[in-house]
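A short worksheet on the structure shown next.
The values are calculated or read from the model by the stated rules, or taken from the named source; none is laboratory data. In this text, all values refer to a predicted model and were calculated from it rather than measured experimentally. Neighbour counts are summed over all protein chains in view; Cβ atoms, including those assigned to glycine, are modelled from backbone coordinates with ideal geometry.
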Amino acid sequence: MATGRRERNKQRTREAIVGAARQLFAAKGFDGTTVAEISDAADVAERTFFRYFQSKYDLLLQDIVLLVDDCERAIAARPPDEAPLAAILAGTEAVLRRSGVPVLSQPGIDENDETLRARYVSVFLGWEQRLTHLLLARFGQDADRASPEQAGTDLRLHAGVVARCSVAATRLALRLASQVPAGQPVDPEAAVALLRSAFSVLAAGCPAP
């Protein structure tokens, strides 16, 4: 019970920091907001902030990081004989409907910021690698005992192509779905529809429109 209480307290603290940061970013801009101001608004010490986040850039990635974690679990739970693209699509759809569409941008934030762009790229590259491992496991490669580097070249190529194309399609669908007026939530069903269209293009072999 004590462990459960501590975890709930940690989650509340994390949510308070993220919520405070988003309000400050919208009001003052990303560059105009300091870690000290975020900590004060969340009613935590700065040292507490740094126990949860390495920098304020990490606050911008929380929705995507959680999406990746949830998708990994959802895809891993799909039937083992399901086609790879179908499994990835179904798992991602379920997560979007259950948890909502991640915020890919915030008011007052310069999306051309080089550090921010590098963090985004890092998250999605990590998702490609995790999805590749997951696909190798589905293809019969034991991910606990063998890394992608140890798998056969053809198997690595197959899993890597599917993973990278799937992540690119998902990223674009979420980006398009997020283009709504400021302050309005993104409709999960609209995001799912775009996701299905993107995966249809992949499944059809990327034909000309």
Selection status of Ala21, surrounded by 12 or more Cβ atoms within 10 Å (Cβ to Cβ) and under 20 Å from the mean Cα position of the chain (by Cα): yes
Filter result (among the acidic types (Asp, Glu) and closer than 12 Å to Thr13 by Cα) within segment 23-50: Asp43
In segment 16-46, the residues that are part of a helix (DSSP H, G or I), small (Gly, Ala, Ser) and out of contact with any Pro (no Cβ under 8 Å at 6 or more places or on another chain): Ala16, Gly19, Ala20, Ala21, Ala27, Ala36, Ser39, Ala41, Ala42
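Let's see how each residue does on (1) surrounded by 12 or more Cβ atoms within 10 Å (Cβ to Cβ); (2) touching an Asp or Glu at 6+ places or on another chain (Cβ under 9 Å); (3) at pLDDT 95 or above; (4) within 24 Å of Val192 (Cα to Cα):
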residue	(1), (2), (3), (4)
Leu66	yes, no, no, yes
Val101	yes, yes, no, yes
Asp113	yes, yes, no, no
Pro148	yes, no, no, no
Gly152	no, no, no, no
Ala159	yes, no, no, yes
Leu172	yes, no, no, yes
Gln179	no, no, no, yes
Residue match in segment 33-48 (condition: free of Cβ contacts under 8 Å to residues at least 40 places away in the same chain, aliphatic (A, V, I, L, M) and either touching a Gly at 6+ places or on another chain (Cβ under 9 Å) or assigned by TED's automatic domain parsing to the domain that holds Leu174 (or both)): yes
Out of Glu93, Glu82, Glu7, sole residue that is in a loop (DSSP other than H, G, I, E, B) and not hydroxyl-bearing (Ser, Thr, Tyr): Glu82
Condition check for Leu176: under 22 Å from Arg98 (Cβ atoms) and either in a loop (DSSP other than H, G, I, E, B) or in contact with a Leu (Cβ under 7 Å, 6 or more places away or on another chain) (or both): yes
